[in-house]
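Engineer: Questions regarding the structure given below will be posed in turn.
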Amino acid sequence: MTGTTPASRLRPRRSCLAVPGSNPRFLEKAQGLPVDQVFLDLEDACAPLAKEGARHTVVDALNKGDWTGKTRVVRVNDWTTHWTYRDVITVVEGAGPNLDCIMLPKVQDAQQIVALDLLLTQIEKTMGFEVGRIGIEAQIENARGLVNVDAIAAASPRLETIVFGPADFMASINMKSLVVGEQPPGYPADAYHYILMRILMAARANDLQAIDGPYLQIKNVDGFREVAGRAAALGFDGKWVLHPGQVDAANEVFSPSQEDYDHAELILDAYDWCTSEAGGKKGSAMLGDEMIDEASRKMALVVAGKGRAAGMVRTSAFEIPEA
């Protein structure tokens, strides 16, 4: 997929809250948490005997709940199971207008995304919904999925994000660790760097967002913050949260600091002025002691965009320099 990405495909996803689709109490509580996204889970968070009933619980929660300000996502079961097609049909037919995305776990090749896209299109046409409005999030959870991630990321214009699923991935490559998200013992560097960068490159090449997966030690907020900080430093857009205690940390880590946000907005204002007729139509200019140019503008756009999406407010204003 190439070209301009609709604004809806780049919505805030600093904090992506996992909510068991079979638990009405958790579904209700999630509505009041300050997260950017919720995904109602029909996969790992639901026992096999609870999956069929959970579909209807999720539909009811989407239709009757107050999800104001949140991206609404449902994670269905993966295509290797017998639950997937009925997950999609029940949820989308029942709550399509109140649903933003379907998350597909354990994606291994592009055809699995194509199949989901086709199924969504048939449901939308049948139900009279807007065709193509519901997005797809693709979760990479094993070696085959990572090897094919470029094709996966380009498989459908519905794609919004590529999500790293660390637990299943660690198992798929026989990583020597039982603590999801932590570094394996005996390896002196960051064991996840290649994986995260591989996902990030595929996402950015196709104008998609990249989301880091969960950190299971939910009471260790410092540990969560450290792991989230690594992903944010690389350029990831957000991370899953499993507990209310992780929400504030995720929102903070994946937002720019106030100082960086203000500086980015000043760069954009200064560049707009210096390239204008009044500013002398210059290709570069000085902002204090810093030279800025087109490359500076592109970098500032990223930081400013994240700040605006997070609802940040400027605390400084650009002043036209004296002649």
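The values are calculated or read from the model by the stated rules, or taken from the named source; none is laboratory data. Note that this is a predicted model, so its numbers are computed, not measured. Don't worry about glycine lacking a Cβ; one is built from the backbone with ideal geometry, like all the others, and counts go over all protein chains shown. Just so you know, the surface numbers come from the protein's heavy atoms only, side chains and all, with ligands and any DNA or RNA stripped out. Shrake-Rupley method; radii C 1.70, N 1.55, O 1.52, S 1.80 Å.
Engineer: Out of all the residues in the range 71-86, is one or more of a type outside the set (D, E, K, R) and more than 26 Å from ASP168 (Cα to Cα)?
Structural biologist: Checking the range 71-86: not a single residue is of a type outside the set (D, E, K, R) and more than 26 Å from ASP168 (Cα to Cα).
Engineer: Inside the range 244-287, can you point out the residues that are closer than 30 Å to GLN31 by Cβ, among the hydrophobic types (A, V, I, L, M, F, W, C) and touching a strand residue (DSSP E or B) at 6+ places or on another chain (Cβ under 7 Å)?
Structural biologist: Matches in the range 244-287: VAL247, ALA250, PHE254.
Engineer: Might you let me know whether the range 150-168 holds any residue that is in contact (Cβ under 8 Å) with a residue 40 or more places away in the chain, open to solvent by 10 Å² or more (accessible area, probe 1.4 Å) and in contact with a Lys or Arg (Cβ under 7 Å, 6 or more places away or on another chain)?
Structural biologist: Yes, some residue in the range 150-168 is in contact (Cβ under 8 Å) with a residue 40 or more places away in the chain, open to solvent by 10 Å² or more (accessible area, probe 1.4 Å) and in contact with a Lys or Arg (Cβ under 7 Å, 6 or more places away or on another chain).
Engineer: List every residue pair whose Cβ atoms sit under 9 Å apart, with the two residues 6 or more apart in sequence or on different chains, where the first one lies in the range 58-76 and is among the aromatic types (Phe, Trp, Tyr) and the second, anywhere, is open to solvent by less than 70 Å² (accessible area, probe 1.4 Å).
Structural biologist: TRP67/ALA30; TRP67/GLN31; TRP67/VAL38; TRP67/ALA61; TRP67/ASN98
Engineer: Among the residues of the range 23-31, is there at least one that is open to solvent by 10 Å² or more (accessible area, probe 1.4 Å) and within 29 Å of ALA151 (Cα to Cα)?
Structural biologist: No, that holds for no residue.
Engineer: Any idea which residue in the range 236-287 is surrounded by the fewest Cβ atoms within 10 Å (Cβ to Cβ), counting only those that are touching a residue at least 60 places away in the same chain (Cβ under 8 Å) and among the small types (Gly, Ala, Ser)?
Structural biologist: Result: SER255.
Engineer: Out of MET299, MET312, MET291, I need the residue that is surrounded by 12 or more Cβ atoms within 10 Å (Cβ to Cβ) and without any contact (Cβ under 8 Å) to a residue 40 or more places away in the chain. Which one?
Structural biologist: Being surrounded by 12 or more Cβ atoms within 10 Å (Cβ to Cβ) and without any contact (Cβ under 8 Å) to a residue 40 or more places away in the chain holds for just one of MET299, MET312, MET291, which is MET299.
Engineer: Which residues, counting only those in the range 24-43, are in a helix (DSSP H, G or I) and aliphatic (A, V, I, L, M)?
Structural biologist: Selection gives LEU27, ALA30.
Engineer: Any chance you could count how many residues in the range 179-220 are within 25 Å of ARG11 (Cα to Cα) and β-branched (Val, Ile, Thr)?
Structural biologist: Residues that pass the stated criteria total 3.
Engineer: Also, I was wondering about something else. Answer yes if at least one residue in the range 174-192 is within 28 Å of LYS219 (Cβ to Cβ), in contact with a helix residue (DSSP H, G or I) (Cβ under 9 Å, 6 or more places away or on another chain), assigned by the TED database to the domain that holds GLU226 and part of a helix (DSSP H, G or I), and no otherwise.
Structural biologist: Checked the range 174-192: no residue is within 28 Å of LYS219 (Cβ to Cβ), in contact with a helix residue (DSSP H, G or I) (Cβ under 9 Å, 6 or more places away or on another chain), assigned by the TED database to the domain that holds GLU226 and part of a helix (DSSP H, G or I).
Yes/no matrix, rows are residues, columns are (1) in contact with a Phe, Trp or Tyr (Cβ under 8 Å, 6 or more places away or on another chain); (2) part of a helix (DSSP H, G or I); (3) open to solvent by less than 40 Å² (accessible area, probe 1.4 Å):
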residue: THR68; (1), (2), (3): no, no, no
residue: VAL74; (1), (2), (3): yes, no, yes
residue: ALA95; (1), (2), (3): no, yes, yes
residue: ILE102; (1), (2), (3): no, no, yes
residue: GLN112; (1), (2), (3): yes, yes, yes
